[in-house]
Amino acid sequence: DRNNITAAKIWLEEYNTEAEKVRPEAQEASWTWNTNITDYNNRLKLEAEKKKSEFDKRSYNQTLNWDWKNFTEINAKRQFYKIADIGESVLPTDKFQQITKAKSNMQSVYSKARVCNKPGDQDPSKCYPLNPTLENIMAKSTDWKELAWAWEGWRNETGRKMPDDYEKFVELANEAAGMNGYTDNGDYWRSWYETENFEKQMEELFIGLKDLYKLLHAYARKKLKERFVGHPFPDSGQIPAHLLGNMWAQSWGNLFTLLAPYPGKPLDVTEMMREQNYTTRKMFDLSEKFFTDLGLDPMPPKFYNDSMLDKPEDGRDVVCHASAWDFYNRKDFRIKQCTQVTMDWLITTHHEMGHVQYFLQYKDQPVVFRRGANPGFHEAIGDVLALSVSTPKHLKKINLLRPNQNPDDEELQLNFLMNQALKKIAFIPFGYLIDQWRWKVFKGETKKDEYNEDWWNLRCKHQGVSPPVQRFNTDFDAGSKFHVPNNTPYIRYFVSYVIQFQFHKALCKEAGHNGPLHKCDIDQSTEAGNKLAAMMKLGSSKEWPDAMEAITGQRKMNVSDLIEYFAPLEDWLKKEVKNETLGWDDQCGRIWGNG
Ligand SMILES: O=C(CCC(O)(O)[C@H](Cc1ccccc1)NC(=O)c1ccccc1)N[C@@H](Cc1ccccc1)C(=O)O
Ligand SMILES: [Zn+2]
């Protein structure tokens with residue numbers, strides 16, 4: 001009968017066995033398309049997704065045979081709750097096909113985009129991809145016009161081509177969410193955090209970090225005005241978005257040579273890697289060794305054979321944006337990325353390996369629990385390890401610090417902190433605003449003809465950046481960022497950037513570190529590794545405060561550890577910008593830097 005827990009558990013076993021067949025097939029078809037974008041592979045992907053959605057629907061219907069909401073066994077009840085939460089699979093077949101098609105269209109446009117008519121090119125029909133060319137131009141060029149060409153061209157070739165598909169996607173995703181009992185798709189996405197007033201909590205964390213961001217922003221603006229003297233910066237105080245070393249101004253690490261407090265003491269890890277003939281595989285071996293030295297799991301043998309770690313050179317179209325893949329059969333785990341030999345890519349490699357480590361740690365959980373404690377946890381694992389790898393102390397250990405440099409040199413340490421701030425503090429408003437925009441779109445507060453205006457309201461207000469060229473409502477700049485056409489939520493990265501410092505603080509204590517937090521390297525501490533492993537093994541079987549408590553002893557997210565980490569730099573910045581006006585107007589000035 002409906003309350004027979006023994007029979008229910010037998011059904012859960014059968015569900016898992018079936019799921020460990022259906023999901024690998026869907027993942028394999030998705031992998032094939034991601035690593036070779038063709039119409040044929042797209043059809044196979046759609047077929048496999050249809051099959052998986054039918055399995056999800058069938059399973060949902062079978063959960064109705066049990067009065068699982070009243071089960072006393074928490075674990076079984078939680079499994080039923082997750083099995084019943086089938087997302088877009090709830091849609092009738094024709095609408096499911098439509099939403100999958102809209103998503104495939106946008107992903108294909110984004111991954112195939114190329115930008116032509118480069119200033120100074122003899123052949124204007126020569127076209128360039130984001131990875132590696134446009135990314136490298138945004139990172140290295142100091143030519144205002146070249147930066148503006150890449151910035152505007154990328155948006156013309158991606159976002160501009162998506163509004164219709166995006167509107168279709170929003171409509172159907174909201175319909176699915178409604179059928180699953182949520183007010184809209186944003187409500188569904190936020191439900192994964194199982195947290196009351198989640199939006200309010202995120203706003204409070206963001207407010208707690210604003211002052212730190214304003215200091216860094218004022219300093220960067222001051223130095224960029226010197227570099228681009230004669231070019232128009234809006235009186236409203238924003239920084240033109242194409243000057244920050246990154247296509248979305250989300251990470252300012254490429255401005256290190258301009259912004260380092262002590263330029264004479266560079267942290268030029270990329271150059272050191274190139275001088276030592278680093279290969280992609282060496283970068284992965286280095287990362288894997290950090291994990292195994294903590295007592296965590298090595299990569300399975302198949303991992304290196306089956307992964308795609310470099311951009312293919314045979315001209316085929318692939319989704320270059322990095323991702324880690326769990327095939328839900330406890331055997332197949334892969335990474336797909338178009339690796340370049342740079343420090344940024346060494347960090348990204350750790351980020352992706354963090355995802356795979358989580359897969360390995362929770363692989364014996366029921367399939368529906370093979371997720372992060374919340375999505376932010378999954379994004380934080382690799383970054384926590386990278387906080388140790390990036391320290392001058394650790395770089396010295398792995399011979400990526402110049403031999404004549406002393407890792408304990410206080411000026412080098414301040415340069416290191418600036419380098420970290422240009423990635424971690426600069427990111428905060430960006431990590432926050434993408435889903436602020438999307439949640440409003442899903443709520444219906446932002447209509448299609450307001451998509452771009454609302455996007456720039458948020459970019460101008462929260463991030464303090466302005467468009468270098470005039471924007472129109474026929475543009476769709478949100479669509480120029482991978483996660484929007486790919487329908488990947490983004491608040492998870494904001495959460496990760498906060499909690500990774502809480503994890504770092506706790507693991508450093510476990511590793512017996514004394515002294516400033518930013519100098520801590522947990523390398524080889526199996527005590528720290530064991531704590532991390534114990535948390536990862538939980539998967540999503542427990543609510544995230546339990547997982548947080550397993551590492552930090554606390555049950556809440558807070559920004560105090562992040563602020564403690566950057567304290568020495570905050571003092572330096574305050575002195576550096578004492579004659580500057582901190583912050584900017586909510587609205588961007590109406591000038592467009594066409595100069
Ligand atoms: O997008 C990424 C890294 C890709 C990923 O590892 O987060 C990837 C994104 C993705 C790709 C395809 C489908 C879905 C999500 N996420 C994963 O591969 C993943 C995440 C959770 C579980 C399993 C795999 N980072 C963000 C933010 C970031 C994070 C850390 C450093 C720099 C920047 C960005 O680049 O804007
Ligand atoms: Zn990630």
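Each reported figure results from applying straightforward, stated rules to the coordinates on display, with no laboratory input. Note that this is a predicted model, so its numbers are computed, not measured. Ideal geometry is used to build each Cβ from the backbone, glycine not excepted, and the neighbour counts take in all protein chains shown.
Sort out which residues of the range 368-384 are more than 9 Å from ligand 2 (Cβ to nearest atom) and in contact with an Asp or Glu (Cβ under 9 Å, 6 or more places away or on another chain), and write them in order of number.
Across the range 368-384, the qualifying residues are VAL368, ARG370, GLY372, ALA373, ASN374.
I'd like to check which helices (runs of 4 or more DSSP H) are fully inside the range 318-397 and have at least 3 residues that are among the aromatic types (Phe, Trp, Tyr).
The helices (runs of 4 or more DSSP H) meeting that bar are 343-361.
Give the residues of the range 458-475 that are under 22 Å from the mean Cα position of the chain (by Cα) and either surrounded by fewer than 23 Cβ atoms within 10 Å (Cβ to Cβ) or of a type in the set (D, E, K, R) (or both), sorted by residue number.
LEU458, ARG459, LYS461, HIS462
Please go through the range 105-134 and pick out each residue that is among the polar types (S, T, N, Q) and either in a loop (DSSP other than H, G, I, E, B) or in contact with a helix residue (DSSP H, G or I) (Cβ under 6 Å, 6 or more places away or on another chain) (or both).
Scanning the range 105-134 gives ASN105, ASN117, GLN122, SER125.
Does ALA506 satisfy the condition of being more than 16 Å from ligand 1 (Cβ to nearest atom) and part of a helix (DSSP H, G or I)?
Yes.
Of all the residues that make up the range 407-427, how many are more than 16 Å from ligand 2 (Cβ to nearest atom), farther than 13 Å from SER390 by Cβ and surrounded by 14 or more Cβ atoms within 10 Å (Cβ to Cβ)?
Within the range 407-427, residues that are more than 16 Å from ligand 2 (Cβ to nearest atom), farther than 13 Å from SER390 by Cβ and surrounded by 14 or more Cβ atoms within 10 Å (Cβ to Cβ) number 4.
It is to be established whether one or more residues within the range 290-302 are within 16 Å of ligand 2 (Cβ to nearest atom), among the hydrophobic types (A, V, I, L, M, F, W, C) and either part of a loop (DSSP other than H, G, I, E, B) or closer than 22 Å to PHE482 by Cβ (or both).
no
For the range 258-269, which positions are surrounded by fewer than 18 Cβ atoms within 10 Å (Cβ to Cβ) and either in a loop (DSSP other than H, G, I, E, B) or within 25 Å of the chain's Cα centre (by Cα) (or both)?
Answer for the range 258-269, where residues must be surrounded by fewer than 18 Cβ atoms within 10 Å (Cβ to Cβ) and either in a loop (DSSP other than H, G, I, E, B) or within 25 Å of the chain's Cα centre (by Cα) (or both): PRO261, TYR262, PRO263, GLY264, PRO266, ASP268.
For every residue, the table says whether it meets (1) at positive phi; (2) crowded, with 22+ Cβ neighbours inside 10 Å; (3) touching a helix residue (DSSP H, G or I) at 6+ places or on another chain (Cβ under 6 Å).
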site	(1), (2), (3)
GLU275	no, no, no
ARG281	no, no, no
ASP297	no, no, yes
LYS302	no, no, no
LYS311	no, no, no
SER323	no, no, no
ASP332	no, no, no
GLN357	no, yes, yes
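Select, from THR17, THR32, THR6, the only residue that is in a helix (DSSP H, G or I) and under 12 Å from ASN329 (Cα atoms).
THR17
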